Amino acid sequence: GIEAVMADGQIFNGLKRLRKDNTGYDLRHLLIGSEGTLGIITTAVLKLFPRPRDIQTAFAAVRDADAAIEILSRARAVTDDRVTAFEWIARRGLDLVFSHIPNTRDPLGAIHAEYLLIELTSGHDNGGLRDALEGVLVDAMERGEVLDATIAESRAQAADFWRLRETLPDAQLIEAASIKHDISVPVSSVPEFLRTADAALAAAMAGIRICAFGHIGDGNLHYNVIKPSDMDDDLFKGRLEEINRIVHDIAVSLRGSISAEHGIGLLKRDELAHYKSPIALDTMRDIKRALDPNGIMNPGKVI
C-alpha cells in the first residue's frame, strides 16, 4: 500500500495490508508508475521476507545467449524458482572493468565471449542450493552450454563476482562517450534482440562498440553503445536519435519496451510519444489533467 499527497493537497490513503483488494481502479499502481507526475508518495507499506541464509553464487562462461535462456529455464525448474539473480555480461564489458576498476580480476582462466552471474537463495540454513547449482552447471557443461564455471566459496568471493557486474557502468563511463538503453523483451526473445541489434548497429556505424549487460532473467538489458575509438564525441552524440531508433525499433518489434526500469523522465519523452499508441497517450494526458490540472507535479516529465 501507499500514501500520497495529491496536486490539490489532499492525502490519498491507500495503506492497506491486503494481498487482494479488487475495489475499483488500482490507484496504488497508477501512482507508483507515474514518476511523481500525479502525486508525491510519502509512505509505503512493504512486505518483508526473511534474510536469505543459504546463498549460492556462480560465475560461468556461457556459449551464447540462447544457451543462457535454456540454463535459466532448467535452474528455475530444479530449484523451485529459487533463482534470485541471473545476469548476462558480454566480454567487452568485463574488459572495461579490468582496465578501469582497480583490484578486479577474471574469475575464470580463459577468455570467453559471454558470461552469467547466477545466484540462488533460500531462507533455510541448508536449502540444498549448492548441490542444485552444481547440478545445473554440470548438466549445462555436458550440453555444451557452459564452457567454464566457478562457484563462490565465501561471501567475499561472491562479492568479488558481483563487483564485476556492479562496476560495469563506472568502467563504461571512464572508457568513452556512450549512448545507453534500458530495454526489455520477452525472455525468450533476448537472443534474437542481441543478434539483430548487434548487426544493425555494426552496419550503421563502423567501429561502434557494444557494451551490453543486464538482467536477462527478466528480459531486461542495458544495451549500451560506446563510440568508435577514432570518432569525435560530439559527432557520436549527434547520432543519438538514429542509434536510439535502431535499438528501440528492434525492441518494440519483438513486443518489448523502450524503458524497462529507469522510466521516461525527460530524455525518453519523445521516444514514448513515438512508440506508445495514441489511445494510451490520450488516456495518460486525460489522467494527468484530471489529477493535476495546473501541471505542478514533476512538470514536463513523461508526457
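The values are calculated or read from the model by the stated rules, or taken from the named source; none is laboratory data. Nothing here was measured: the structure is a model prediction, and the numbers come from that model. Every residue, glycine among them, receives a Cβ derived from its backbone with ideal geometry; neighbour counts consider all protein chains shown. Remember, those area values only see protein heavy atoms, side chains included, never the ligands or the DNA or RNA. Shrake-Rupley method; radii C 1.70, N 1.55, O 1.52, S 1.80 Å.
Give me the number: length gained by fully extending Lys20 to Thr104, i.e. 0.36 nm times residue separation minus the C-alpha to C-alpha distance, one decimal in nm. Walk me through the numbers before you get to the answer.
Details: separation 84, 0.36 × 84 = 30.24 nm, distance 4.62 nm.
Length difference between fully extended and current span is 25.6 nm.
Between Asp54 and Ala77, how many nm apart are label points set 7 Å from Cα along the C-beta direction?
Between Asp54 and Ala77, the simple spin-label model gives 2.1 nm.
Compute the label zone of Leu27 within the stretch 281-303: residues whose backbone N is under 16 Å from the point 7 Å along Cα-to-Cβ.
Within reach of a label on Leu27: 287-293.
Show Thr121, Thr43 ordered by accessible area, largest first, where the area counts protein heavy atoms only and the probe is 1.4 Å. Could the numbers behind the result be given before it?
Working: Thr121 20, Thr43 55 Å².
Accessible-area ranking of Thr121, Thr43, largest first: Thr43, Thr121.
Count the net charge of all other residues whose Cβ sits under 10 Å from the Cβ of Glu271, scoring Lys and Arg as +1 and Asp and Glu as -1.
Numbers: positive: Arg245, Lys268, Arg269, Lys276; negative: Glu241, Asp270.
Taking every Cβ under 10 Å from that of Glu271, the sum is +2.
Give, in nm to one decimal, the length gained when the segment between Leu173 and Asn126 is fully stretched (0.36 nm per residue of separation minus the Cα-Cα distance). Don't skip to the end; give the middle numbers.
Values: separation 47, 0.36 × 47 = 16.92 nm, distance 4.02 nm.
Gain on extension, Leu173 to Asn126, equals 12.9 nm.
Kindly express, to the nearest 10 degrees and within the range 0 to 90, the angle between helix 129-142's C-alpha long axis and the longest C-alpha principal axis of the chain.
Once rounded, one gets 70 degrees.
Rounded, prolate or oblate: which fits the stretch 20-172, taking a ≥ b ≥ c as square roots of the Cα gyration tensor eigenvalues, rounded meaning a/c under 1.5, else prolate when a/b beats b/c?
Values: a/c = 2.02, a/b = 1.50, b/c = 1.35.
Prolate is the answer for the stretch 20-172, as a/c is 1.5 or above and a/b outweighs b/c.
What does the helix-only formula give at 222 nm for the chain: each DSSP H stretch with n ≥ 4 adding -39500 (n - 2.57), the total divided by the residues, and the result rounded to the nearest 500 deg cm²/dmol? Could the numbers behind the result be given before it?
On the way: 11 runs with 119 residues, N = 303.
My calculation for the chain gives -12000 deg cm²/dmol from helical runs alone.
Using only Cα atoms, what is the ratio of the radius of gyration of the stretch 148-206 to 2.2 N^0.38 Å?
Details: Rg = 15.9 Å, N = 59, 2.2 N^0.38 = 10.4 Å.
The value comes to 1.53.
If ligands, DNA and RNA are left out, what is the accessible area of Ile246 with a 1.4 Å probe, given in Å² to the nearest 10?
40
Which distance in nm do the two modelled labels at Glu166 and Gln10 give, with both placed 7 Å along the Cα-to-Cβ direction?
Once both label points are built, they end up 4.3 nm from each other.
Can you pick out the pairs among Lys16/Lys288; Lys227/Lys268; Lys227/Lys276; Lys16/Lys268 whose Cα atoms lie more than 31 Å from each other?
Working: Lys16/Lys288 25 Å; Lys227/Lys268 20 Å; Lys227/Lys276 29 Å; Lys16/Lys268 33 Å.
Listed pairs above 31 Å: Lys16/Lys268.
If Thr104, Thr42, Thr57 are ordered by their accessible area, calculated over protein heavy atoms with a 1.4 Å probe, which sequence runs from highest to lowest? Walk me through the numbers on the way to the answer.
Values: Thr104 30, Thr42 75, Thr57 0 Å².
Result of the area sort, largest leading: Thr42, Thr104, Thr57.
Going by a ≥ b ≥ c, the root eigenvalues of the Cα gyration tensor, does the stretch 117-252 fall in the rounded group (a/c under 1.5), the prolate group (a/b larger than b/c) or the oblate group? Write out the running numbers ahead of the final one.
Details: a/c = 2.58, a/b = 1.93, b/c = 1.33.
Cα axes put the stretch 117-252 in the prolate bin.
Which residue, Leu194, Leu31, Leu221, has the most motion in a Gaussian network model of the chain that connects Cα atoms within less than 10 Å?
Answer for the Gaussian network model of the chain: Leu31.
Rolling a 1.4 angstrom probe over the protein chains, ignoring ligands and nucleic acids, what is the accessible area of Met141 in square angstrom, nearest 10?
80
Give the span of the stretch 27-111's Cα atoms along each principal axis, as three whole-Å numbers ordered largest to smallest.
Principal extents (largest minus smallest coordinate, Cα): 51, 37, 29 Å.
So what is the relative contact order for the chain, in percent, with contacts set as C-alpha pairs under 8 Å and at least six apart?
So the answer I get is 21 percent.
Just read off the accessible area of His215 with the full protein assembly in place, 1.4 Å probe, to the nearest 10 Å².
40
Calculate the length of the line joining the C-alpha centroid of the stretch 120-170 to that of the stretch 246-303, in whole Å.
37
For the stretch 192-238 and the stretch 1-15, write down the distance between their C-alpha centroids in whole Å.
The distance from the Cα centre of the stretch 192-238 to that of the stretch 1-15 comes to 41 Å.
Run the paramagnetic zone check for Glu242: 7 angstrom along Cα to Cβ, then residues of the stretch 199-224 with backbone nitrogen under 19 Å.
Residues 199-211, 224 fall inside that zone.
For the chain, just the Cα atoms, rotate onto the principal axes and tell me the three extents in Å, largest first.
61, 53, 35
Search the structure for amide H atoms under 5 Å from the amide H of Val62, placed 1.01 Å from N in the peptide plane, and list their residues when 5 or more places away or on another chain.
Glu114, Tyr115, Leu116, Leu147
Scan the chain and report its longest stretch carrying no GluC sites (Glu not before Pro) that are both in a DSSP loop and have at most 15 other Cβ atoms within 10 Å. Could you put the intermediate results ahead of the total?
Working: sites that count: Glu35, Glu153, Glu261.
No qualifying site falls inside 36-152, the longest such stretch.
If you stretched the chain out fully between Leu267 and Leu46, how much longer would it get, using 0.36 nm times the residue separation minus the C-alpha to C-alpha distance? Write out the running numbers ahead of the final one.
Working: separation 221, 0.36 × 221 = 79.56 nm, distance 3.01 nm.
Result: 76.6 nm gained on full extension.
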